[in-house]
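Engineer: This is the structure, below, for whatever I ask next.
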Amino acid sequence: MNMAHGQDMPMSEGTSSSKIKMHMSLYWGKDAIVLFSEWPNHSVGMYILAILMVFFLAMIAEVISNKPIIKHGTNPIIGGLAQTTFYLFRISFLYLVMLAVMSFNLGIFVAAVAGHTLGFFFVKYHALFVANKEQQGSSTTQKV
């Protein structure tokens, strides 16, 4: 199906009365369909909410992806169930972000990239903070 930029696309084969506007290239603007039909529905407030939702979904997915979940000595069954649960949420968030980016809206794309970037920063900042704290703790005990 060869479609031009912003061309109407029928929702079903039988009826042509219900059409949506599909963008097939990146574009700016609040007139997007993000994850659900009729959302954000040409509303600036709902568009901003969609951007924030994608940003936080991407950030949470990145944090869940990079944080170690299981501590040493954890029961293998409990640890496996915990990891599986976190994996379920992580992959769900990642697929939702991917589907939102497939709206081809640049605002949504920027929000997804910024969310992944900030989530990665938080995880690495926390890891370095903990490592430096442990290093300072071990260096003060060695001096005594």
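Engineer: Roughly what would the spin-label model give for Ile91 and Ser139, points 7 Å off Cα along C-beta, in nm?
Structural biologist: 4.3
Engineer: Got a sec? Which residues in the stretch 45-67 would a label at Thr117 touch, if it sits 7 Å along Cα→Cβ and we count backbone N under 18 Å?
Structural biologist: Backbone N within reach: 51-63.
Engineer: Another question, if that's okay. Let me know the whole percent of all Cα-Cα pairs from the stretch 87-129 that are separated by more than 17 Å.
Structural biologist: 42
Engineer: Going by average Cβ density within 10 Å per residue, which order do the peptides 35-46, 87-98, 70-81, 103-114 take, highest to lowest?
Structural biologist: 103-114, 87-98, 35-46, 70-81
Engineer: Still on this structure, I have one more. Summarise the accessible area of the stretch 43-144 (1.4 Å probe, protein heavy atoms) by the percent that is carbon and sulfur.
Structural biologist: Percent of accessible area from carbon and sulfur atoms in the stretch 43-144: 74.
Engineer: Between beta-carbons, use under 13 Å as the cut-off and find the net charge around Gly119, counting Lys and Arg +1, Asp and Glu -1.
Structural biologist: Numbers: positive: Lys67, Arg90, Lys124; negative: Glu62.
Residues close to Gly119 contribute a combined charge of +2.
Engineer: Another question about this same structure. Probe of 1.4 angstrom, ligands and nucleic acids ignored: what's the accessible area per residue over the stretch 77-144, in square angstrom? Mind dumping the intermediate values first?
Structural biologist: Values: 4840 Å² over 68 residues.
Per residue, the stretch 77-144 has 71 Å² of solvent-accessible surface.
The values are calculated or read from the model by the stated rules, or taken from the named source; none is laboratory data. Computed from a prediction, not measured in an experiment: that's the story for all the values here. Virtual Cβ from ideal backbone geometry, glycine too; neighbours counted across all protein chains shown. We work out accessible area using only protein heavy atoms, side chains counted, and drop any ligands, DNA or RNA first. Shrake-Rupley method; radii C 1.70, N 1.55, O 1.52, S 1.80 Å.
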